There are 2 protein chains.
Amino acid sequence: MPQGQPNAVPDDGLTTRQRRNRPLTIVHTGIGKGKSTAAFGLALRAWNQGWPVGVFQFVKSAKWKVGEERALRVLGASGEGGTVAWHKMGEGWSWVQRDLESSEEAAREGWEQVKRDLAAETYRLYVLDEFAYPMHWGWVDTAEVVGALRDRPGTQHVVITGRNAPPALVDAADLVTDMSKVKHPMDVGQKGQRGIEW
Amino acid sequence: MPQGQPNAVPDDGLTTRQRRNRPLTIVHTGIGKGKSTAAFGLALRAWNQGWPVGVFQFVKSAKWKVGEERALRVLGASGEGGTVAWHKMGEGWSWVQRDLESSEEAAREGWEQVKRDLAAETYRLYVLDEFAYPMHWGWVDTAEVVGALRDRPGTQHVVITGRNAPPALVDAADLVTDMSKVKHPMDVGQKGQRGIEW
């Protein structure tokens, strides 16, 4: 969509420029398709700006999204835009040397690393893919996430995907899109297919 | 999301394999963010499969989405996946040599080329970005689009984005997602920002 005019001018003492450069927390939730896909689409824009991008896949099996991963790795290595670091819970986080006992522990380890990276301003865009689930399940404390996002330094944008985004996260986010399913091929018996689902 | 079981087994005489390779018509509509972004995310998967991808941007000004365009052009030129052809109405379609008199005429010219490419099986994935608008406005006949999609040869997937997707298109589509706005920074006076909106 083309650029729009804001619907209100806020009384927050910030200039348009300051407001424009505010770090954003973005949530893609809902039961429809496109939550992660749109997050990786956002990563293309960040890459084009020359930003370092950090992807954290909070899924047990990370076989999925191989297309996005390969594309973003090729882009990151091209030298024409920003860098891309891709971290997968499904293969055991690369920075964790011991065996993780459960998905819950793995999710918590992922979040601990995100906190460290936010404090160090490692990336300019964070894609926390499927991170709504560990919050929804109570594995990672939503209030702690909201606090860490609120207090993060610099201009680091964070995109969180997954069904059932906790209300406190939605409240704290700047941009929230609910992807609703209108129709899906699985409803009529079609399985996922190459190039479309992965 | 990980792969799921279909909700029903259809009585269509097709094998799972035939059904799996069926060409899909995908629609991203609704007033929320992520319609185009998710379509370009799908293009990453298609690229990863080695498929030729054709993007047609049905917008008057194509300044927007420069990040996606550059990323997909770099990927297409990398030789590591499929090719990418990027066509912009905003700059005048490259195959049209004369001046187009109106946006309506330009949209129709774009659709005529899509029809030719579908008949020639030029691409394996078509991203018809913002194409819901010319249909909604009556510039391009929705019934004609539905017919051309129904009769297209081979296995060519088509993604159409834009608000107000016509009901006949939604009926004909295989996969439809409605992106609903829950919250947007413009609501609180923030303008779009670099790396996020473009």
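Quick note: the coordinates plus some simple rules give every number you see, no bench work behind them. Just so you know, these numbers come straight off a predicted model, no measurement behind them. Note that we place each Cβ from the backbone using ideal geometry, even for glycine, and neighbour counts take in every protein chain shown.
Within chain B, which whole H helices from DSSP have a Cα span along their axis of at least 30 Å and a mean Kyte-Doolittle hydropathy of 0.0 or more, if any?
Result, helices passing both filters: zero.
Could you work out the mean count of beta carbons from other protein chains within 10 Å of each residue's beta carbon in B:67-73?
So the per-residue partner count for this stretch is 6.
Provide an ascending nm list, one decimal, of label-point separations from A:VAL96 to the equivalent residue in each further copy; define each label point as 7 Å from Cα along Cα→Cβ.
5.4
Of the options B:ILE31, B:VAL146, B:GLY41, report the single residue whose Cα projects farthest towards the positive end of the charge dipole of segment B:21-180 (beta-carbon charges: Lys, Arg +1; Asp, Glu -1).
Of the options given, the answer is B:GLY41.
Take peptide A:76-86, look around each residue's Cβ out to 10 angstrom, count Cβ atoms belonging to other protein chains, and average those counts.
Average per residue, whole number: 2.
Using the number of other C-beta atoms within 10 angstrom as an exposure proxy, rank A:VAL182, B:VAL127 with the fewest first.
With the fewest neighbours first, A:VAL182, B:VAL127 line up as A:VAL182, B:VAL127.
How far apart are the A:ASP141 label points across copies, placing each 7 Å from Cα toward Cβ, in nm, shortest first?
Distances to the matching label points in the other copies: 6.4 nm.
Largest first and in whole Å, give the semi-axes of the protein assembly as shown's equivalent ellipsoid, each being the square root of 5 times a Cα gyration tensor eigenvalue.
33, 25, 20
To two decimal places, what compactness ratio does segment B:21-180 give when its Cα radius of gyration is scaled by 2.2 N^0.38 Å?
Relative to the 2.2 N^0.38 Å estimate, segment B:21-180 comes out at 0.96.
How do B:THR177, B:THR122, A:THR142 rank when sorted from fewest to most other Cβ atoms within 10 Å of their own Cβ?
Placing the least packed residue first, the sequence is B:THR122, A:THR142, B:THR177.
Given a cut-off of under 8 Å on Cα pairs at least six residues apart, what relative contact order in percent is computed for chain A?
33 percent
If you average 1/r across every pair of different Cα atoms in segment B:122-198 and take the reciprocal, what Kirkwood value do you get, in Å?
When all Cα pairs of segment B:122-198 are included, the Kirkwood radius is 14.6 Å.
Give the long-range amide H neighbours of B:VAL55: residues separated by 5 or more places, or on another chain, with amide H under 5 Å away, using H modelled in the peptide plane at 1.01 Å from N.
B:ALA85, B:TRP86, B:HIS87, B:VAL127
If you put a point 7 Å past Cα along the Cβ direction, how far is that point for A:SER61 from the same point in each other copy, in nm, smallest first?
In nanometres, ordered from closest: 4.6.
Would you mind ranking B:PHE56, A:PHE58 by Cβ crowding within 10 Å, fewest neighbours first?
Fewest-to-most ranking of B:PHE56, A:PHE58: B:PHE56, A:PHE58.
Where the centre of each part is set by its Cα atoms, how far does segment A:71-96 sit from segment B:51-107, in angstrom?
27 Å
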